[in-house]
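Below: one structure, written as structure tokens.
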Amino acid sequence: MFGRRAWIGLALAGFTALAGCGKKDEVKKDGGPAASGQGATAAPQTGDILVGAYLSLSGEETQFGKDTQEGIDLATDEVNQAGGVKGRKIKVLYEDDKSNAAEATQKVRQLIDRKVVALLGEVASSRSLAGGLIANTSKIPMITPSSTAVKVTTGREYVFRVCFTDDAQGVAAAEFVAQKLNKKKVSILYAAQDPYSSGLAESFRETAKKLGLEIVADKGFQKGEKNFRTYLEQVTAPKPDIIFTPIYYSDMVPIAQQAKEKNIPGSMFLGGDGWDSEDLLKGAGAELDGAYFTNHYAPDVPWENSKKFVAAYKERFKRDPSSLAAQGYDAARLLYDAMGRAGVIEPKAIRDALAATKGFQGATGTISMDANRNADKPLVVVQIKDKKFQYFATTNEKK
Ligand code: PHE
């Protein structure tokens with residue numbers, strides 16, 4: 001819906017170039033997945049059903065991976081305890097991509113070589129773009145629980161998501177500023193090379209302009225930067241009412257700490273779903289008191305479907321689930337549901353069943369797949385208060 005710019009990312013230029021222009025993705029036959037061609041071969045119809053999950057289980061965004069894994073484990077155990085799918089148990093093979101896109105590519109290749117019939121992963125859009133290229137070329141269906149960058153599913157017939165896209169999230173964030181907070185002047189601070197952060201910033205920027213907000217500063221920082229003090233001076237100098245920071249918690253913690261040194265109140269910041277981590281609360285919960293962010297879900301969300309999941313998760317893991325856990329759970333449950341609806345447990349039939357999903361009752365809302373394999377879902381706004389995430393509002397509530 002909105003035009004994407006060339007700054008989508010240097011590291012990803014190769015992938016986005018392949019994904020763009022309606023051109024089909026291609027992977028050279030260098031012993032990779034295209035050569036193994038598993039999508040075309042018949043999957044075994046007895047024994048455990050093998051599902052691959054590639055996640056950030058170490059590295060920068062470890063919390064993303066761990067939370068998602070817990071959600072997937074909960075879903076898998078529930079389904080297996082209830083008899084599995086078509087009388088067969090599901091076995092999830094996990095791979096750690098170390099929060100790195102190149103590793104994600106390799107891990108997806110390895111999982112496909114191990115004959116998985118479907119893939120779950122990744123959380124971060126940069127890694128889902130990388131892994132999704134391999135999954136799509138190999139014709140193995142993949143569901144990302146939480147990658148919101150628009151391009152993740154574009155033109156990739158085998159790639160699905162159970163979350164909303166950043167186009168929807170950027171619009172919701174800008175509307176929240178203009179219509180709920182009734183603010184006027186905004187600054188934007190984002191991660192220039194990251195497809196999630198820059199895509200979300202772009203969507204916000206476009207809607208903000210349409211709504212008559214004034215963008216008084218707009219700064220992209222570089223990957224690996226740790227000292228944000230100059231950026232903070234630049235984005236606060238023109239006296240904004242709000243600073244939009246659509247970045248991951250791993251960058252937001254030092255930014256919030258450095259903002260505190262400059263007496264910038266936490267309530268000036270507005271984030272996106274990348275903030276959702278216990279690590280944000282631990283590292284900068286006090287500094288961000290009063291801040292808001294758009295998200296998929298909150299543990300205290302007043303949705304009937306979420307309650308059963310929250311209770312089961314708390315009982316097993318003794319803490320509140322993050323949205324990552326809820327989305328990992330939904331991605332896995334939806335995959336197993338599609339397997340049940342598929343005529344046969346093989347990649348193409350599972351893909352077709354996933355594409356046909358309508359009204360699936362997930363912990364993060366009711367999920368129907370649209371023609372572009374994206375879930376059309378409500379968004380929530382969460383506020384940080386007393387070092388806790390608190391449900392604040394639901395936007396674009398669905399019929
Ligand atoms: N939406 C983020 C991305 O696309 C990942 C994310 C999802 C982070 C949910 C936190 C919570 O990269």
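For this structure, a couple of remarks:
- If the condition is being aromatic (F, W, Y), more than 10 Å from the ligand (Cβ to nearest atom) and modelled with pLDDT of 95 or more, then the range 265-307 contributes F269, Y292.
- Close pairs from the range 108-130: first over 17 Å from G272 (Cβ atoms), partner within 16 Å of the ligand (Cβ to nearest atom) and at pLDDT below 95, Cβ under 7 Å, at least 6 apart: L129/L12; L129/F15; A130/F15
Residues checked against (1) within 16 Å of the ligand (Cβ to nearest atom); (2) under 21 Å from the mean Cα position of the chain (by Cα); (3) not assigned by TED's automatic domain parsing to the domain that holds N372:
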{"residue": "G83", "(1), (2), (3)": "no, no, no"}
{"residue": "L119", "(1), (2), (3)": "no, yes, no"}
{"residue": "G131", "(1), (2), (3)": "yes, yes, no"}
{"residue": "N136", "(1), (2), (3)": "no, yes, no"}
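- Listed here are the strands (runs of 3 or more DSSP E) enclosed by the range 321-385 that have at least 1 residues being surrounded by fewer than 17 Cβ atoms within 10 Å (Cβ to Cβ) and either away from the ligand (no atom under 16 Å from the Cβ) or charged (D, E, K, R) (or both): 360-362, 379-385.
- Checking each residue in the range 354-385 for being of a type in the set (D, E) and farther than 23 Å from K307 by Cβ picks out only D370.
- Total residues in the range 129-149, condition among the β-branched types (V, I, T), buried (at least 24 other Cβ atoms within 10 Å of the Cβ) and part of a helix (DSSP H, G or I): 1
- Count of the range 234-254 residues which are among the aliphatic types (A, V, I, L, M), closer than 24 Å to E60 by Cα and away from the ligand (no atom under 16 Å from the Cβ): 1
- Of all positions in the range 194-206, at least one carries a residue that is under 26 Å from Y54 (Cα atoms), in a loop (DSSP other than H, G, I, E, B) and either in contact with a strand residue (DSSP E or B) (Cβ under 7 Å, 6 or more places away or on another chain) or within 15 Å of the ligand (Cβ to nearest atom) (or both).
- In the range 65-105, residue surrounded by the fewest Cβ atoms within 10 Å (Cβ to Cβ) [restricted to those that are under 19 Å from T364 (Cβ atoms), among the charged types (D, E, K, R) and touching a residue at least 60 places away in the same chain (Cβ under 8 Å)]: E78
The values are calculated or read from the model by the stated rules, or taken from the named source; none is laboratory data. Computed from a prediction, not measured in an experiment: that's the story for all the values here. Neighbour counts run over all protein chains shown; Cβ positions are idealised from the backbone, glycine included.
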